[in-house]
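Enquirer: Got a structure for you, questions after.
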Amino acid sequence: MHPDHHAGGSDALPLSGRIGRGPSELLREEVLDPQFRYEADHLLPHYIAIEQALVAEYLRMGLVTAEQAADLHGLLGSATREELLAGRESSMSDIAFSLERHVEAGLAEPVAAWHVDRSRNDLQSCAQLMAGRARLIDAAGTLLAFGRAAHRLASRYADAPMPGYTHLQAAQIISPGFYLAALSEQVLHTARRLLSTYDAIDACPLGAGAMAGQELPWDRDRLAALLGFGRVQPLALTSVAYRGWALEITAEFGVFGVALSRFTTDLMAWGSSAYGYLDLPDELSGISSAMPQKKNFPVLERIRGRSAHLSSCHLDAVLGQRNTAFSNSVEVSKEAGSQLSVAFDTFESVLRLATAVLDHVRFDTRRMTEACEKEFLGGFTLANALTLKEGVPWRRAQVIAGRYVVAATEAGLTPAQTDPALLKRAAAALGFELTAPEDVLAGVFDVRRALHAPRSEGSARPEAVEAVLRAQDKEFERLGAAWATHDRTTQGAEGGAGVSAGVHTGA
C-alpha cells in the first residue's frame, strides 16, 4: 500500500480516525486477505442475513423509513463474493466493512442511522455461530446416514455366527449383526449428544455490541427469531467472548473419531488374509505394485487415519482459546477457530467413506462359521452346565472346563468331538464325580446353539439383536425428525423470508 494511503483506501472515506494508514502488504497477504476469502466463501450469506435482520430492527425503531429499509435490504441481498473481494482494499480487507461500502455505494442518498449503535464483535460472533449451526446440521445428517448403513448391515447378518474376540483371542460366538448393532448404537449416542450440543448453543449473540450491550432498544428476541435461533444469549459478554461451542462440537467429533477408529481396526483385521471374514468390491480396494497376489483395503486405513485429525482439530481449538482473556479477541474469534472448517470437512469425509464401506462389504459366512468350529468357544457354556446340571461350584467348574479343553486339544479332538470320559477324569481330579458327563457336554460346542444360547436382553442371540435393531430404528426416526426440524428453521431464516417480511412490513 502506498504510504500516503489512509485507512480504508485512497478513494474512499476513512473507516477510522484513530489510525491514518491501512494495513501493510505483509498483513494483508499473511492474515487479512486469507481471512477475507474464507469469510466470503463460508460466512457471507450469514453476514447478509444478519444485516437484513438489523435493518428490520432499524425500521421497527423508526430510525429508517420503509423506503430506506427496502433499499438497504435489496442492496445487501445483491452483494456478491466477487464484488466484495474486488473492493476489499478500500475496506481494510474486512468483510463487514466491505459489505457496508457496497451498500453505501448503491444508495442514492446516505441513510444516516444505518449502522448506528453497532459493532463488528457481535456481528462476527453471530455469523460464525450461524455457520457452525448450519454445518452441524449437515454433519448430523451424514452421521445418521452412516448409522443407517450400519443398521441395515446389522439386520442382514444378525444370524451369522462369527468368533468374538477379547484380548485378540477368540472368546465367544457372536454375529456381524450383533457387532454392527454396537456401531449403530454408537452413532445414535453421538447424534443425541450433537443434538444436545446444538440445543445448548442455539442462542443468538446479536445485540451484544462490542461487549457491554447496546444503547438503542433492540428487540433481541425478535432478532433471534428472524435468524432462526431458539433463544437469545442472555449476557452480552458471553455473546462476544464465548467460542466454547467450537470446543463442544470438535470434542464430540473427536470422541466419535476414537470409537470409529476402533471399529475400523476390527474391520481391517477381519479383512486380512489371516481372517478372511469380509471382502470389499474392487472399486473400494487397492493393489500392491510388487505383489500381484494381494488385494488391499486402503480405504479402511484412510478412515482410521483421518479419524485422528478429528482429535487434533479439537486440540487446536482448545489450545487456541486457553490462556486468553474472556472478551472479544482476534486470537479467539479467528485463530482459535481456524481448524473448525477442517473438522467439519474431515468428519463428513470419514463418514462418507465409512458409509461406502458398509454399503458394499460382504461377510464370508462360511469362513466365519468354520473359524467358530475350530475353537472351543463353548467353554463358558460348559462351566455353566457343570454347575447347573452337576452342582459343581462355579469356580471349580471353570477349572474343570479349562482342563477339559486342554485335554481335548492334546488328544487331537475338535470341539465337535466331545469325550465324556475326559470330562469325567478332569472333574475327578478335583474331587467331583459326574453322574452324566455326556449330558453336560451335549451341544456345548455347537456353533448355532451357542449363538442362540444367551437369554439376556442385548445379547448376541439373533432375536435379542433384532429387538435392539427395532428400538434403534425408532430412535433413528426420532433423531432424524429432530434434526430435520432444526434444518427447516435455519433454512427458513437463511432464505430470508421472515427478515424480508420484517423489513417490508415493520412487523
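The values are calculated or read from the model by the stated rules, or taken from the named source; none is laboratory data. Nothing here was measured: the structure is a model prediction, and the numbers come from that model. We place every Cβ from the backbone using ideal geometry, glycine too, and count neighbours over all the protein chains shown. Ligands, DNA and RNA are excluded from the accessible area calculation, which covers all protein heavy atoms including side chains. Shrake-Rupley method; radii C 1.70, N 1.55, O 1.52, S 1.80 Å.
Enquirer: Can you pull out the GluC sites (Glu not before Pro) in region 405-451 whose DSSP state is coil and whose Cβ has at most 12 other Cβ atoms within 10 Å?
Expert: Here the sparse-neighbourhood loop sites are E433.
Enquirer: Please list the non-local residues whose amide H lies under 5 Å from the amide H of A203, H modeled 1.01 Å from N, same-chain partners needing a gap of 5 or more.
Expert: Those lying under 5 Å, H to H, from A203: there are none.
Enquirer: Right, here's the next one. So what J values fall out for region 407-424 if you push phi through Karplus, 6.51 cos²θ - 1.76 cosθ + 1.60 with θ = phi - 60°, rounded to Hz, Gly and Pro as x?
Expert: Running phi through 6.51 cos²θ - 1.76 cosθ + 1.60 with θ = phi - 60° gives 5, 5, 5, 5, 7, x, 7, 7, x, 6, 8, 6, 9, x, 5, 4, 5, 4 Hz.
Enquirer: Work from the charge dipole of region 46-105 (Cβ charges, +1 for Lys and Arg, -1 for Asp and Glu, about the Cα centre) and give the residue of T80, L59, H46 farthest towards its positive end.
Expert: Highest projection toward the positive end goes to H46.
Enquirer: Given that compact globular proteins tend to follow 2.2 N^0.38 Å, what is the ratio of the alpha-carbon Rg of region 71-116 to that value?
Expert: Working: Rg = 10.2 Å, N = 46, 2.2 N^0.38 = 9.4 Å.
Taking the Cα Rg and dividing by 2.2 N^0.38 Å, one obtains 1.09.
Enquirer: If you don't mind, another one. How large are Rg and Dmax for region 387-496 when calculated on the C-alpha trace, in angstrom?
Expert: Final numbers for Rg and Dmax: 25.4, 83 Å.
Enquirer: Pop out the ³J(HN,Hα) list for region 105-121 in order, Karplus 6.51 cos²θ - 1.76 cosθ + 1.60 with θ = phi - 60°, rounded to Hz; leave Gly and Pro as x.
Expert: Karplus values, whole Hz, x for Gly and Pro: 5, x, 7, 5, 9, x, 9, 4, 7, 5, 6, 5, 6, 10, 9, 6, 4.
Enquirer: Further question: Against the globular-protein guess of 2.2 N^0.38 Å, express the Cα radius of gyration of region 319-416 as a ratio, rounded to two decimals.
Expert: Normalised Cα radius of gyration, region 319-416: 2.23.
Enquirer: Continuing with the same structure: Under the rule a/c < 1.5 gives rounded, and otherwise a/b versus b/c splits prolate from oblate, where does region 52-98 land using the Cα gyration tensor?
Expert: Numbers: a/c = 3.34, a/b = 2.26, b/c = 1.48.
Prolate, since a/c reaches 1.5 and a/b exceeds b/c.
Enquirer: In terms of Cα to Cα distance under 28 Å, which lysines are near enough to K294, apart from those fewer than 8 places away along the same chain?
Expert: Cross-link targets: K374.
Enquirer: Rounded to the nearest 20 Debye, what is the dipole magnitude of the chain about its Cα centre when Lys and Arg each give +1 and Asp and Glu each give -1 at the C-beta?
Expert: Computed about the Cα centre, the dipole is about 2020 debye.
Enquirer: Roughly how tilted is helix 44-60, in degrees to the nearest 10 and between 0 and 90, from the longest Cα axis of the chain?
Expert: 50
Enquirer: Also, I was wondering about something else. Once every DSSP H run of n ≥ 4 in the chain is given -39500 (n - 2.57) and the sum is divided by its residues, what mean residue ellipticity at 222 nm do you get, rounded to the nearest 500 deg cm²/dmol?
Expert: -20000 deg cm²/dmol
Enquirer: The chain: longest stretch without exposed trypsin sites (Lys or Arg not before Pro) (DSSP loop, at most 14 other Cβ within 10 Å), sites themselves excluded?
Expert: 22-293
Enquirer: Name the residues whose placed amide hydrogens come within less than 5 Å of the amide hydrogen of M162, ignoring near sequence neighbours (fewer than 5 apart) on the same chain.
Expert: Here I174, S175 satisfy the definition.
Enquirer: Using a simple spin-label model with points 7 Å from Cα along the Cα→Cβ vector, what separation in nm is obtained for R262 and A105?
Expert: If labels sit at R262 and A105, their model points lie 5.6 nm apart.
Enquirer: How large is ³J(HN,Hα) for each residue in region 365-378, as worked out from phi by the Karplus curve 6.51 cos²θ - 1.76 cosθ + 1.60 (θ = phi - 60°), to whole Hz, x for Gly and Pro?
Expert: Each residue of region 365-378 in turn: 5, 5, 5, 5, 5, 4, 5, 5, 5, 7, 9, 7, 7, x Hz.
Enquirer: Please give the length that would be gained between R366 and T65 if that part of the chain were fully extended, namely 0.36 nm times their separation in residues minus their C-alpha to C-alpha distance (nm, one decimal).
Expert: My answer for the length gained is 100.6 nm.
Enquirer: Still on this structure: If I compute solvent accessible area with a 1.4 Å probe over the protein chains, what percent of it on the chain is carbon and sulfur?
Expert: Using a 1.4 Å probe with all protein chains present, the chain comes out at 54 percent carbon and sulfur.
Enquirer: Let me ask something else about it. With +1 on each Lys and Arg Cβ and -1 on each Asp and Glu Cβ, how big is the dipole of region 332-397 about its Cα centre, in debye rounded to the nearest 20?
Expert: In debye, rounded to 20, region 332-397 gives about 360.
Enquirer: Can you tell me the alpha carbon radius of gyration of the chain divided by the globular rule-of-thumb value 2.2 N^0.38 Å?
Expert: That ratio works out to 1.36.
Enquirer: Using all Cα-Cα distances in region 245-319, what percent lands in each 5 angstrom bin from 0 up to the longest?
Expert: Result, from short to long distances: 3, 15, 20, 18, 13, 10, 9, 7, 3, 1 percent.
Enquirer: Relative to the first principal axis of the alpha-carbon coordinates of the chain, what is the inclination of helix 462-495, with its axis defined by its Cα atoms, in degrees from 0 to 90 and to the nearest 10?
Expert: 10
Enquirer: Full extension from A482 to A428: what is 0.36 nm times the residue separation minus their Cα-Cα distance, to one decimal in nm?
Expert: On the way: separation 54, 0.36 × 54 = 19.44 nm, distance 6.25 nm.
Contour length minus the Cα-Cα distance gives 13.2 nm.
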